[in-house]
């Protein structure tokens, strides 16, 4: 929960930025809009999508039309992202938001090293601090001052692994890069001394660990595999996750009553199948994230409303993409609403 901090409230540097954000917040697509899109019939969906999402819905019934609309959604979010970056004061907040895309680019570069196809999405190239060519060259020349030591170390370690053995999975690349990302992220948060966003990202790590462990359980994974898949820097110790294979979601919720995720877990439908429960939990976690981010309204002038706006727009993007893809696939309204974030908030 966001606590009162005079340093943030009286930070006049963000007066203009917050004013811009407050004006932009009126353009959020609320629960009623998302619900209307999810419930829209085939004959009305294209027109409603154009009206509510503000994206040309022409030819949404075709694969090409749907792909064009998805690119347009990504492009619009990128414009929001670039606007937010322009409003941020200081290098640390800018790095905080760009870091995720830097590491997503790193993943592609490492996978290319192992012979995987390498096509950088347009939105990723625009949001990262580096171009693919520049980042690859800096990593190969070990320019850790430019890339950051954590990024250099994980690149070197993964590529050195390949020199002795070609047996490295995409999952391991993802996990090693994600672990390095959160390590660097929490270093930045430590320098910023911002309790609100530190709490936000701790919850994010815990949520990823819960969902990852539950998916492993669904796949019949061994208890010994749990620890190798956990991300560091969360508030829930590894020992709790090792108990998940033997517990229901309700039982696990009772074990982690110290965590905000406990109350989220208790909302999951106990009568649903395990697979359905995981799907519902993923949605509930995102909606809990939305609730948390909305607390930034209590900051008058500060970085909180600016970054919260960007993270909320990202949730909105995910919901619009989900609706568009599931509608194109012909899923029923009841199925679509299971996956849409924000329709129930």
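At pLDDT below 90 and assigned to a helix (DSSP H, G or I), is that true of residue 79? Taking the combined requirement at face value, the residue does not satisfy it. What about residue 73, is it within 13 Å of residue 330 (Cα to Cα) and buried (at least 16 other Cβ atoms within 10 Å of the Cβ)? Spelling it out, it is not the case that residue 73 is within 13 Å of residue 330 (Cα to Cα) and buried (at least 16 other Cβ atoms within 10 Å of the Cβ). Being under 20 Å from residue 23 (Cα atoms) and either in a loop (DSSP other than H, G, I, E, B) or touching a helix residue (DSSP H, G or I) at 6+ places or on another chain (Cβ under 9 Å) (or both) holds for only one residue in 285, 323, 336, 297, and it is 297. I'd like to check something: does the range 237-259 contain any residue that is under 23 Å from residue 311 (Cα atoms) and surrounded by fewer than 20 Cβ atoms within 10 Å (Cβ to Cβ)? Checked the range 237-259: no residue is under 23 Å from residue 311 (Cα atoms) and surrounded by fewer than 20 Cβ atoms within 10 Å (Cβ to Cβ). Checking each residue in the range 110-139 for being assigned to a helix (DSSP H, G or I), in contact with a helix residue (DSSP H, G or I) (Cβ under 8 Å, 6 or more places away or on another chain) and under 27 Å from residue 187 (Cα atoms) picks out 110, 111, 123, 124, 125, 126, 127, 132, 135, 136, 138, 139.
Do we have residue 108 as without any contact (Cβ under 8 Å) to a residue 40 or more places away in the chain, surrounded by 19 or more Cβ atoms within 10 Å (Cβ to Cβ) and under 30 Å from residue 149 (Cα atoms) here? Yes; evaluated as a whole, the condition is true for this residue.
Taken together, the residues in the range 86-95 that are part of a helix (DSSP H, G or I) and either free of Cβ contacts under 8 Å to residues at least 40 places away in the same chain or on the phi > 0 side of the Ramachandran plot (or both) amount to 3.
A count restricted to the range 9-40 and to residues that are touching a helix residue (DSSP H, G or I) at 6+ places or on another chain (Cβ under 9 Å), outside any helix (DSSP H, G or I) and within 28 Å of residue 340 (Cα to Cα) stands at 3. Inclusion of residue 103 among residues that are at pLDDT 90 or above and surrounded by fewer than 16 Cβ atoms within 10 Å (Cβ to Cβ) is not warranted.
Would you call residue 98 surrounded by fewer than 18 Cβ atoms within 10 Å (Cβ to Cβ) and either part of a loop (DSSP other than H, G, I, E, B) or at pLDDT below 90 (or both)? Criteria not met by residue 98. Among all positions in the range 306-315, there is at least one residue which is at pLDDT 90 or above, touching a helix residue (DSSP H, G or I) at 6+ places or on another chain (Cβ under 8 Å), closer than 10 Å to residue 196 by Cβ and in a helix (DSSP H, G or I).
The values are calculated or read from the model by the stated rules, or taken from the named source; none is laboratory data. Quantities reported herein were computed from a predicted structural model and do not represent experimental measurements. Positions of Cβ are generated from backbone atoms using ideal geometry, with glycine treated the same way; all protein chains shown enter the neighbour counts.
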